[in-house]
Amino acid sequence: MQHVAAYRLSPYFRMIILYLLVMPLFTIQYAMASTATDEPEMHTGVYDPAEGLNRQFWQFNLQVDKHIAKPATEVYVEYIPLAGREALNNFVQNFDEPSSAVNHLLMLDITASMDSLMRFMFNTTFGVAGFFDFAGNAGLTRNRAEFQDVLANVGVGHGPYLMIPIYGPETTRRLVGNVVDALYFPYSELTYFERFLHWGVDSVYKRAALLPQDALIEQSLDPYIFVRDAYIQYQDFRINGEVFIHQQQDGLSDDELDALLDEYE
């Protein structure tokens, strides 16, 4: 079991990593704010300084999706019934409850923090390790809180937009938030292989939810811009409850755009 322990970090080193990740982000955010008046703002408000490289990664991801991800997802949908897919998703989402509890607490929302903690306890025990949403059926709804929400709550912006190979669209703020969230229990107890399996199950479920929306992306004038702006719009909406990004002139209705945004969670 020594090789498993090697994959895990002590609480001391987790705090060091947390400090090294968060402090540079605040520094970058301050520098960007101090020079914002000197740079013209794009009409979408999306900061995409590496657009050329991001577009190359976008094309790479399209090929991966076309030849690997989408065919695998179609097989997943074909042979695993909806009830089974929902159970797997419940199991995966249950891992987020402890980090949600901590993040809610960091934002001084004690009620939401206790709700997330209770959801984890109930679903882990009565929900058979989280495969069944026992707490949700009892009226305790899921309220995901990421560490990026904590950063946004203290004024940290999205930062540069990124298109990561295989992983997909991301912002610097959320990328840092994801790394911090991975330091919480129970993610901290997983080996790299177990984390990969967790990510794979989560990704194929989300890709399955996006299958009906593929046409929305394909019919847009610039799929890269459409996905980028839709992703940022979704992040703004889930954190602020408002929509800041203007819809591209793709001939898409508000209902169609909302349908796509609904699947990013």
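Quick notes on this structure:
- With q set to 0.13, 0.14, 0.15, 0.19 Å⁻¹, the log10 of I(q)/I(0) for the range 46-240, from the Debye formula over equal scatterers at the Cα positions, is -0.81, -0.94, -1.08, -1.50.
- Relative exposure of HIS198, HIS104, HIS67, judged by other C-beta atoms within 10 Å (fewest first): HIS67, HIS198, HIS104
- Where labels lie 7 Å past Cα in the beta-carbon direction, separation of VAL201 and MET121 in nm: 2.4
- Under conditions of 25 °C and 0.890 mPa s, the range 64-105 yields 200 µm² s⁻¹ as its translational diffusion coefficient, taking Rh as the Kirkwood radius over Cα pairs in the Stokes-Einstein equation.
- Share of alpha-carbon pairs per 5 Å distance bin for the range 136-229, given as whole %: 2, 10, 13, 19, 21, 18, 11, 4, 1
- Sorted by Cβ density within 10 Å, fewest first, the residues TYR234, TYR79: TYR79, TYR234
- Ascending count of other beta-carbon atoms within 10 Å, so fewest first, for GLU170, GLU97: GLU170, GLU97
Just so you know, all these numbers are worked out from the coordinates, no wet-lab data involved. Please read these numbers as outputs of a predicted model, since none were measured by experiment. As a convention, Cβ positions derive from the backbone with ideal geometry for all residues, glycine included, and neighbour counts pool all protein chains shown.
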